[in-house]
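The values are calculated or read from the model by the stated rules, or taken from the named source; none is laboratory data. Quick caveat, the model's predicted, so the values are computed rather than measured. Here the Cβ positions follow ideal geometry from the backbone for every residue, glycine too, while neighbour counts run over all protein chains shown. Side chains included, ligands, DNA and RNA excluded: accessible areas come from the protein's heavy atoms. Shrake-Rupley method; radii C 1.70, N 1.55, O 1.52, S 1.80 Å.
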Amino acid sequence: RTDFSNSTKLLRNMQGVAKENRTARFRCCLLGFHKGKTIFSEGTLEGEIAESFKGDSGFGYDPIFLIPEYGLHLAEMKKEDKVEDNLVRGCQSQVWLKATEKNGKVYFEADSDAIISKGICALLVKVFNGQPALEIVKNNLSFIDEIGLKEHLSPNRSNGLVAMVKKIKAYALVYSTT
């Protein structure tokens, strides 16, 4: 089975299902052990199963997972946003991060060609999306150390995480001075 065939089957089975009964949740869980303690962190993204495919990036159910508050499917990071300027340098896989500012708050879109990096992107976007630029700049990101995330990633993935955070903070710094 492929992601496409699974998504097609789901859409077929949900034909005629009312919008209020199409709720969905993307869940990313991280479990680690740090200094003898079990550490668990979870991020969720609420959405709904759309009625059709949209977008050509991502994997799995991304093309049919709609985030109503943004009016976008998870697979909709546009190809034109997957450009050199949005590429995060220092990641083992390809990671794109785009930021926009609206009413003093910074909004992020991110995507990756690898599932682990995509999960890290989802976690970081969940934490920082819609925050004031200055708060992002000042955030010490202690939660990353508290959950032991870097320690449970390969050295290359850990470097990628640091690179993603640096790019998020760089975007926020630019928006905090405008």
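Observations
- When residues of the stretch 83-134 are limited to those that are open to solvent by 70 Å² or more (accessible area, probe 1.4 Å) and in contact (Cβ under 8 Å) with a residue 24 or more places away in the chain, the one farthest from the chain's Cα centre (by Cα): LEU134
- Number of the condition not met by GLU42 [criteria: (1) in contact with a Cys (Cβ under 7 Å, 6 or more places away or on another chain); (2) open to solvent by less than 50 Å² (accessible area, probe 1.4 Å)]: (2)
- Whichever residue in the stretch 151-178 is of a type in the set (Ser, Thr, Tyr) and open to solvent by 90 Å² or more (accessible area, probe 1.4 Å) and, among such residues, is modelled with the highest pLDDT: THR177
- Failed condition for ILE147, given (1) within 18 Å of ALA99 (Cα to Cα); (2) touching a strand residue (DSSP E or B) at 6+ places or on another chain (Cβ under 8 Å); (3) open to solvent by 20 Å² or more (accessible area, probe 1.4 Å); (4) of a type in the set (Val, Ile, Thr): (1)
- For the stretch 1-30, a residue qualifies if it is open to solvent by less than 100 Å² (accessible area, probe 1.4 Å), of a type in the set (Lys, Arg) and part of a helix (DSSP H, G or I), and exactly one does: LYS9.
- The stretch 62-109: number of residues that are touching a Cys at 6+ places or on another chain (Cβ under 8 Å) and either within 17 Å of VAL174 (Cβ to Cβ) or in a loop (DSSP other than H, G, I, E, B) (or both): 1
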